[in-house]
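Colleague: Structure provided below as structure tokens; questions to follow.
Derivation of every value follows stated rules applied to the coordinates shown; laboratory data play no part. These figures come from a predicted structure and were not determined experimentally. A quick note on method: Cβ atoms are made from the backbone with ideal geometry, for glycine too, and the neighbour counts reach across all protein chains shown.
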Amino acid sequence: MISFTLNDKPIKIDADPNMPLLWALRDLLDMTGTKYGCGIAQCGACTVHMDGSPIRSCVMPLATIAGKKITTIEGLPSDASHPIQQAWLDHNVPQCGYCQSGQIMSAVALLSTNPSPNDADIDNAMQGNICRCGTYPRIKAAIKDAASKNSANTTITPNPTISPNPTSSPNSTFDFSLAKNVGEQA
Ligand code: FES
Ligand code: FES
């Protein structure tokens, strides 16, 4: 049994400790907002936060996240009130959308540690997030916009209204008495 915090709720998963976090999110918890792209930490589609820092969940074994605080795209406000979410909407950033949850999680992590990033800061923070649709100019503009408008309001308030589906795998268990409404299906 592996215990960790998922979107501010305690959670326990009965799974192989070597299973990557991305598999647990998508296949055991039905939290499909985090995407599978390459599976080898090269594209950023699977980006989530561990203790506030962006990680590639496709290569992060469950054993490594025991006791950690994990935040996924489902942990962002459901009303899109986070400055990055607002800027993404204002700038119509997504095209096909596949990379965007990873892009957003990297951008949120950037602003949480650097409320006023310059171009180099943005390039450095976002360089590991690949977009096959080439939305990079809109991503950068949105991050700058979010930083300029809302630099003091970049903390995540988890969405309290949405739940994972822990019954999708016979290998998973989910302690609903301790952890309700931890995530969102997407
Ligand atoms: S799927 Fe994890 S970095 Fe590509
Ligand atoms: S919006 Fe299509 S891959 Fe980025």
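Colleague: With 24 Å as the limit, write out which pairs from K9/K149; K35/K68; K68/K144; K35/K69; K69/K149 have Cα-Cα distances beyond it, or answer none.
Modeller: Working: K9/K149 30 Å; K35/K68 21 Å; K68/K144 30 Å; K35/K69 19 Å; K69/K149 28 Å.
Listed pairs above 24 Å: K9/K149; K68/K144; K69/K149.
Colleague: Using +1 at the C-beta of Lys and Arg and -1 at the C-beta of Asp and Glu, which of S116, I65, I55 has the Cα lying farthest in the positive direction of the dipole of segment 4-137?
Modeller: The listed residue farthest towards the positive side: I65.
Colleague: While we're on this one: Just want the answer: with Cβ charges of +1 for Lys and Arg and -1 for Asp and Glu, which residue in G44, S3, T32 is farthest toward the dipole's positive end in segment 2-75?
Modeller: Result: G44.
Colleague: How big is the dipole moment of segment 83-150 about its Cα centre under a simple scheme where the beta carbon of each Lys and Arg is +1, that of each Asp and Glu is -1, and everything else is neutral? Debye, nearest 20, please. Mind dumping the intermediate values first?
Modeller: On the way: 5 positive and 5 negative charges, 29 e Å.
For this selection, approximately 140 debye.
Colleague: I've got another one for you. With the convex hull built on the Cα atoms of segment 35-84, state its orientation-averaged projected area in nm². Kindly include the intermediate steps, with their values, before the conclusion.
Modeller: On the way: hull surface 15.7 nm².
Averaged projected area of segment 35-84's Cα convex hull equals 3.9 nm².
Colleague: Would you mind checking segment 41-61 for residues with the amide N under 15 Å from a putative spin-label position 7 Å along Cα→C-beta of C96?
Modeller: Under 15 Å, as judged by backbone N against the label point of C96, lie 43-46 of segment 41-61.
Colleague: Follow-up. Taking Rh as the Kirkwood radius computed over C-alpha pairs, what is the Stokes-Einstein D of segment 22-151 at 4 °C in a medium of viscosity 1.567 mPa s, expressed in µm² per second?
Modeller: Numbers: Rh = 14.7 Å.
Reported coefficient: 88 µm²/s.
Colleague: Evaluate the distance, in nm, between pseudo-label points positioned 7 Å from the Cα of A63 and of S78 along their respective Cα→Cβ axes.
Modeller: Rounded to a tenth, the inter-label distance reads 3.7 nm.
Colleague: How long are the semi-axes of the ellipsoid equivalent to segment 83-150, from square roots of 5 times the Cα gyration tensor eigenvalues, in whole Å, largest first?
Modeller: On the way: eigenvalues 57, 34, 19 Å².
Semi-axes, largest first: 17, 13, 10 Å.
Colleague: Follow-up question, since we're still on this one. Determine the dipole magnitude for segment 3-68: charges of +1 sit on the beta-carbon of Lys and Arg, -1 on that of Asp and Glu, nothing else is charged, the reference point is the Cα centre, and the result goes in debye to the nearest 20.
Modeller: Details: 6 positive and 6 negative charges, 29 e Å.
Here segment 3-68 has a charge dipole of around 140 debye.
Colleague: Also: How many times 2.2 N^0.38 Å is the alpha carbon radius of gyration of segment 2-75? Display every interim value, and only then the final one.
Modeller: Details: Rg = 10.7 Å, N = 74, 2.2 N^0.38 = 11.3 Å.
For segment 2-75, the normalised Cα radius of gyration comes out at 0.95.
Colleague: Ordered by residue, what ³J(HN,Hα) values in Hz, to whole numbers, does segment 16-30 give under the Karplus form 6.51 cos²θ - 1.76 cosθ + 1.60, where θ = phi - 60° and Gly and Pro are x?
Modeller: Once θ is set to phi - 60°, the couplings for segment 16-30 become 4, x, 8, 5, x, 3, 4, 5, 5, 4, 7, 8, 8, 10, 6 Hz.
Colleague: Provide the packing ranking of 77-84, 21-28, i.e. peptides ordered by the mean count of other C-beta atoms within 10 Å per residue, highest first.
Modeller: Numbers: 77-84: 17.0, 21-28: 23.1.
Peptide ranking by packing, descending: 21-28, 77-84.
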